[in-house]
Every structure is written in C-alpha cells, then in structure tokens.
Amino acid sequence: MAKKENKFAEYDISTQAVHTGTDYDQETGAVRRPLHMANSYKLPDDLSQVNYSSTDLLMYARNGNPNQHWLEEKIAALHGAQDSIVLASGVGALHALFWTLLETGDRVIYPNVSYMAVYRMFHELFNKKFGVETVMVDMTNLEEVKKAITPGTKLVHIETPDNPTNGVTDIAEIVKIAHENGAIVSVDNTFASPLNQRPLDLGADFVIEAITKYINGHGDAQGGAIISNDLETMNRIRYEAQVNVGSVISPFNAWQIFRGSVTFPLRMQRINESSQRIAEWLEKRENVTFVSYPGLSSNPGHEVAKKQMKNGYGGVISFGLNTDDKTVERFCAALKVVTFAVSLGHDESLIFPQPSYDERILLYPKKFRNGFVRFSVGLEAVEDIIKDLDQALKQVGL
Ligand SMILES: *Cc1c(COP(=O)(O)O)cnc(C)c1O
C-alpha cells in the first residue's frame, strides 16, 4: 500500500496516537472510521492492470484491508518511521521478516535469551529446514558479538529488554558492529514499546512490535508489526510474506488494536511509573532473591538502558523468590488483584512463573534458574498491586 503522509509528524507522540490514521468516514461523516469486515472488494472494470499479488489495490482481505492500513499509519507514526506492516501476531511479524530476508547459506546471529518462538525458529526450524546458519550469542556482551560476527553475516536479531529476563542490549553498539560487517539489524521492541525506545532512531533497520501487548493494551486482540524506513524490503515483505504466506490480520483485530493504541502513551506512562515503584519495593522485600528491571540502578543494564530508553523502563519486572517451583505456583495462585496468566502489557497485571525445568533455563544467567517469575504490571492502583504481592508472599510463608 502506498504510504500516506503523516500530517501530525511534528506533534508529540500522545497527539499522534490520537490523530494519526483516523479521519471522518467519507460516506456518513461519522467521526470514527468504520470496521470493514469484507473479504473482497469490487474490481475495476478493466482487469488488465490488476496485479493479484499486490497490496496497493483493495481486492481481497489477504492483500490488505482498510483497518489494517489505518493501523499501519499509526504504528509507523509511533516509531517516527516511514512504513509499517501489521500482521496477525507478533510471531507472524517476526516470521515474515526472517522468511523474507533469509536464504539457504545465510548466517544469522540471535540472542541466547529471546521470545520463545524466536528461539524455536532459529534453534530448530530455519537451520534444519532451510539450511540457514544460526548462531546464538549473549547480546548483552559486545565482545561476544564481535567474536561471532563475520563479514558474510546477513542478520543480527536482538531483543531489548529481553523476554523473560529483562537483559539490556546496547542497540547503537550492535548496529555499529553489524553494519561494519554488512549485516542487517532487527530489534524486537515489545518490552520497551515506542514510548520508551525507538530503535530506528538508533540506526536499526527493522523493528518488531508484538502489538498484542502494550499498543493494544487491553488483552483482547492479537497482532504484530514490522516497522522500517527500508521501503523496498517492506514491499518485498508484503509480497513474499503477507500475500503469499498469509499471516494477515483480521480487520476486527486491527480495529480493536487501533482503538487501544489511542491511549497507549497515557497507559504506558502510568505503567512505567508503577513498575519503577514496584521494582524498588520488591528489591527491599525479604525472600526476593533478585529483581531484574532496567530502571533499577542495581541492574547491570541500567547505564545502557538510561542511554537508549526515555520516559521509563517498561512494565515487566523479572524477579526471583527464595523457594521451589511448587511454592512459586502457589504464590501466583494466591494473588487476588494480579491475574495468574501468560502474556504482558494488558490493563490487568499478569504473573507467569518460569519453572526451573524449562529447557531454556540453562541459557539464562545463573540467578534466573530458581524461583523465577515474570511479572507484567497493569493499570491497577500501585498500592493495591504491592499489597497483593505482599499478602500472597505471606500466604506461602515468604
Ligand atoms: C509476546 C511477544 C512476542 C509475540 O507476540 P504474539 O502476538 O504473541 O505472537 C514477540 N516478542 C516478544 C518480546 C513478546 O513479548
């Protein structure tokens, strides 16, 4: 789809979140844009010019739909970027990018701590199915990255802060190392969100957001986005991965996420503030063995986070309890305000234990191998969240 000019580009991100991608409905004058659930659109009388793999013409829902396109305008604006592609899930967006960029014989460097599906794609799928050389590296250690990179490396994929340990990777330094070797850099920005971190401004080539999380923010729709200024590759992604592989977003989900995105900066600011307070409280609480949150000065990634993040440090706190897997589960189940469920970035706080028998646990720094939980701070009153954590810890004898 040809990109529209962002008329609000000079304004603050909060103003853009409200106004970009929206307009009066041409037919009715309604101040909200409609939801178009149609699968197909009326064809032009002359078919000779129609390209059935194009995303420029509204023709069939897999080639694109208006709700998707309006959301793409908004997501690009949030990153100050020229283009974004919105797909069915965060993993769909990651796959679309990797699928388009990589060919047999290419070399990829990926982080030892990353979203589960990235680990699966590079640890057991792209390498075995397609002969892509995949090299796992601790991205928080730049010396290791320098050792692993070769002039023929195609892609360096990073995630910062990472899921689930909250490790921080220096985006600008990774970009420098990668670009010196002719490699492309993609950054999974889901934990930070565009209010707190904009990797394209730091030189990255592609950004991935699981918009299922903070940008939707209400736990009721799944979606993913690729954001970039490389318009040529973005159009290849549309052709190779959206139209011809098919991870297109449903118009309803795009509509839902568009609605959520309006309040995204406001929600994120609140989540930043609450998370900082809760992380500081947890750090002082007995029987909490460690707290990994980039906003804490005790955090090994704090200096880098301070340099590349603004407004705040996000809404996920990774912490450890001085106990066994079973008691961690009982603690999660004893919470009343916080919901015991996977995912993050919802209106409600969510908690998810990372058991010591997870096959990836040995890839994490040592302190994460026991009593580890991933906590996603929500919009409840911060005092209520803290009280809830405290009562549940007491209930299980901690
Ligand atoms: C959730 C998440 C994803 C995947 O998004 P889905 O919408 O669940 O497919 C990717 N990366 C990170 C860091 C995530 O937290």
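The values are calculated or read from the model by the stated rules, or taken from the named source; none is laboratory data. Computed from a predicted model, the values in this text were never measured in an experiment. When we count neighbours, we look across all protein chains shown, and the Cβ atoms used for this are built from the backbone with ideal geometry, even at glycine. Ligands, DNA and RNA are excluded from the accessible area calculation, which covers all protein heavy atoms including side chains. Shrake-Rupley method; radii C 1.70, N 1.55, O 1.52, S 1.80 Å.
How much length is gained on full extension from Gln26 to Glu359, taking 0.36 nm per residue of separation minus their Cα-Cα distance? Can you show the working numbers first?
Numbers: separation 333, 0.36 × 333 = 119.88 nm, distance 5.36 nm.
Net length gain for the segment: 114.5 nm.
Set the Förster radius R0 to 56 Å, insert the Cβ-Cβ distance between Glu303 and Gln49 as r into 1/(1 + (r/R0)^6), and round the FRET efficiency to 0.05.
FRET efficiency, Glu303 to Gln49: 0.50.
Given R₀ = 41 Å, what would the calculated FRET efficiency be for Asp390 paired with Thr15, taking r from the Cβ atoms and rounding to 0.05? Walk me through the numbers before you get to the answer.
Numbers: r = 39 Å, r/R0 = 0.94.
Taking R0 as 41 Å, the efficiency between Asp390 and Thr15 is 0.60.
Using the alpha-carbon centroid of each, what span in Å lies between the range 158-178 and the range 259-281?
Answer, in whole Å: 21.
Hey, can you rank 165-171, 135-141, 218-224 by average C-beta count inside 10 Å, highest first?
165-171, 218-224, 135-141
Please give every one of the lysines within straight-line cross-link reach of Lys147, meaning a C-alpha to C-alpha distance under 16 Å, and leave out same-chain neighbours fewer than 8 residues apart.
Lys176
Treating the beta-carbon of each Lys and Arg as +1 and of each Asp and Glu as -1, no other charges, what is the dipole magnitude of the chain about its Cα centre, to the nearest 20 debye? Show your work: numbers first, answer last.
Details: 39 positive and 49 negative charges, 121 e Å.
Result for the chain is approximately 580 debye, rounded to the nearest 20.
Rounded, prolate or oblate for the range 199-245? Axes are the square roots of the Cα gyration tensor eigenvalues, ordered a ≥ b ≥ c, and the cut-off for rounded is a/c under 1.5. Don't skip to the end; give the middle numbers.
Working: a/c = 4.11, a/b = 1.27, b/c = 3.24.
Oblate, because a/c is 1.5 or more while a/b does not exceed b/c.
If you take the beta carbon distance between Val342 and Glu380 as r and set R0 to 22 Å, what does 1/(1 + (r/R0)^6) give as a FRET efficiency, to the nearest 0.05?
Working: r = 18 Å, r/R0 = 0.84.
Efficiency at R0 = 22 Å is approximately 0.75.
I need the helices of the chain that pass two filters: whole DSSP H segments spanning 15 Å or more by Cα along the axis, and mean Kyte-Doolittle score no lower than 0.5. Walk me through the intermediate numbers first.
Working: long enough: 66-78 (18 Å, -0.61); 90-101 (17 Å, 1.37); 251-262 (17 Å, 0.07); 264-284 (30 Å, -0.92); 382-395 (20 Å, -0.44).
Span-like helices in the chain: 90-101.
Rounded, prolate or oblate: which fits the range 150-261 when a ≥ b ≥ c are the square roots of the eigenvalues of the alpha-carbon gyration tensor, with rounded for a/c under 1.5 and prolate only if a/b beats b/c?
Judged from the Cα gyration tensor, the range 150-261 comes out oblate (a/c at least 1.5, b/c at or above a/b).
Is the shape of the range 1-148 best called rounded, prolate or oblate, per the rule: a/c under 1.5 gives rounded, else a/b larger than b/c gives prolate, else oblate, with a ≥ b ≥ c the square roots of the Cα gyration tensor eigenvalues?
Working: a/c = 2.91, a/b = 1.64, b/c = 1.78.
Oblate shape, in that a/c is at least 1.5 and b/c is the bigger or equal ratio.
Would you calculate a helix-derived [θ] at 222 nm for the chain, using -39,500 (n - 2.57) for each DSSP H run of n ≥ 4 and dividing by the full residue count, to the nearest 500?
-9500 deg cm²/dmol
How would you order 42-54, 382-394, 146-158 from highest to lowest mean count of nearby Cβ atoms within 10 Å?
146-158, 382-394, 42-54
Roughly how large, in nm² to one decimal, is the mean projection of the convex hull of the alpha-carbon atoms in the range 264-395? Show your work: numbers first, answer last.
Numbers: hull surface 30.9 nm².
Over every viewing direction, the Cα hull of the range 264-395 projects on average to 7.7 nm².
Can you compute the radius of gyration and Dmax for the chain, using only the Cα atoms, both in Å?
21.4, 74
Cross-link candidates for Lys213: which lysines have Cα within less than 27 Å, leaving aside residues fewer than 8 places away along the same chain?
Partners found: Lys3, Lys4, Lys7, Lys74, Lys306, Lys307, Lys310, Lys336, Lys367, Lys387.
Rolling a 1.4 angstrom probe over the protein heavy atoms, how many square angstrom per residue are accessible across the chain?
42 Å²
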